[in-house]
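One structure below.
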Amino acid sequence: MLAIPAIDLMGGKAVRLQEGDPRRATIYADDPAAALRDFLAAGARRVHVVDLDGAFAGRPVQTDLIRELVAVAHAGGAEVEVGGGLRDVAAVTAVLDTGADYVVVGTLAVRDPDAVSLLCRQYPGRIIVAIDARDGLVALAGWQERTAVPALALAKTAAIWGAAALLHTDIARDGLQCGPAVDATISLQRAVPSVLVIASGGVGSLADLDALRAADVRAVVLGRALYEGSFTLEEALARC
């Protein structure tokens, strides 16, 4: 199982939100690049970067900082996946131009599926579709807008497009360390066996990682648990 540490950017700092709520933000690092170097030193092979300012503004905001983080990660031999505010093709292209290995699109996948289908063909192996769900239904626009789109339906459609991976986040668990959505994540993986499904949200202990691995989940994003010292990235990598 691939363990992917997360760096969520807000106001140039590394933060974590609870349930995606910007009013419930905790600052963990004034220097995101320093946090990234710590992850690289611990053995990270991929890092998940989110432009939270962009997610709420609906357009990329932290592009310069993302370019810096991508350079640091690549120097350390790690890949970078970037999301947040990528609501049109130009925004996706702008982030790819920073050198990011993967881009994560969520809102665009629902609002303009033809565009994401085209992006998957233009940039094979580099487009990750975010499936941010609450009660099994997809949420958009920085998780502020609910839809009637079932998470499973979006997963199957993204697989047809040729998405590089699916990033499944259970919004109600995100940032709370209350345990991951193991059943929902593995249900998506079984529905689209040819596509990597990345679990995100709720991991708070090494036992949670054991549960994901036992269910054959193949990748997981780690956030608050690392920043608050619930376990170290070295410990997580050893369990994965």
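The values are calculated or read from the model by the stated rules, or taken from the named source; none is laboratory data. This structure is a prediction, so every number in the text was calculated from the model and none was measured. All Cβ positions, even for glycine, are placed from backbone atoms using ideal geometry, and neighbour counts span all protein chains on display. Surface areas here come from the heavy atoms of the whole protein model, side chains and all, with no ligands, DNA or RNA. Shrake-Rupley method; radii C 1.70, N 1.55, O 1.52, S 1.80 Å.
Between 92, 43, 76, the Cα set farthest toward the positive side of the dipole of the stretch 1-103 (charges on each charged residue's Cβ, about the Cα centre) is that of 43. Protein heavy-atom surface of the stretch 91-240, 1.4 angstrom probe: 49% of the accessible area is carbon and sulfur, with nucleic acids and ligands not counted.
Between residue 90 and residue 64, the contour length at 0.36 nm per residue exceeds the Cα-Cα span by 7.8 nm. Residues whose amide H comes within less than 5 Å of that of residue 2, counting only those at least five positions distant or on another chain, are 219, 220 (H built at 1.01 Å from N in the peptide plane). Based on DSSP H segments of at least four residues, each scored -39500 (n - 2.57), the chain has a per-residue ellipticity at 222 nm of -11000 deg cm²/dmol. Residues of the stretch 1-18 with an amide N closer than 17 Å to a point placed 7 Å from the Cα of residue 37 along the Cα-to-Cβ direction: 13-14. Largest GNM mean-square fluctuation among 59, 213, 24, using the chain with Cα springs under 10 Å: 24.
Starting from the Cα gyration tensor of the stretch 111-240, multiply each eigenvalue by 5, take the square root, and state the resulting semi-axes largest first in whole Å.
Numbers: eigenvalues 130, 53, 34 Å².
They are 25, 16, 13 Å, listed largest first.
How far, in nm, would the chain grow between residue 238 and residue 147 when pulled straight, counting 0.36 nm per residue and subtracting the alpha carbon separation?
On the way: separation 91, 0.36 × 91 = 32.76 nm, distance 3.81 nm.
Roughly 28.9 nm would be gained on extension.
Relative contact order of the stretch 168-240, taken over Cα pairs closer than 8 Å and 6 or more residues apart, is 33 percent. If you model the stretch 28-78 as an ellipsoid using its alpha carbon gyration tensor, with each semi-axis the square root of five times an eigenvalue, the axes come out at 21, 11, 9 Å, biggest first. The heavy atoms of residue 232 present about 60 square angstrom of accessible area, all protein chains included, probe 1.4 Å. Measuring how big the stretch 1-116 is from its alpha-carbon positions, Rg and Dmax come out at 13.6, 40 Å. Estimated at 0.36 nm per residue, the fully extended path between residue 26 and residue 213 surpasses their Cα-Cα distance by 64.5 nm.
In percent, how large is the relative contact order of the stretch 8-159, given Cα pairs closer than 8 Å and 6 or more residues apart? Intermediate values should be presented prior to the final figure.
Numbers: 258 pairs, mean separation 25.2, N = 152.
Value for the stretch 8-159: 17 percent.
For residue 146, the residues 5 or more places off, or on other chains, whose built amide H falls under 5 Å of its own are 140. Only Cα sites of the chain enter the Debye sum here, all with the same form factor; the resulting log10 I(q)/I(0) across q = 0.17 1/Å is -1.30, listed in q order. Connecting C-alpha atoms closer than 10 Å in a GNM of the chain, tell me which of 170, 132, 216 has the biggest fluctuation. It is 216.
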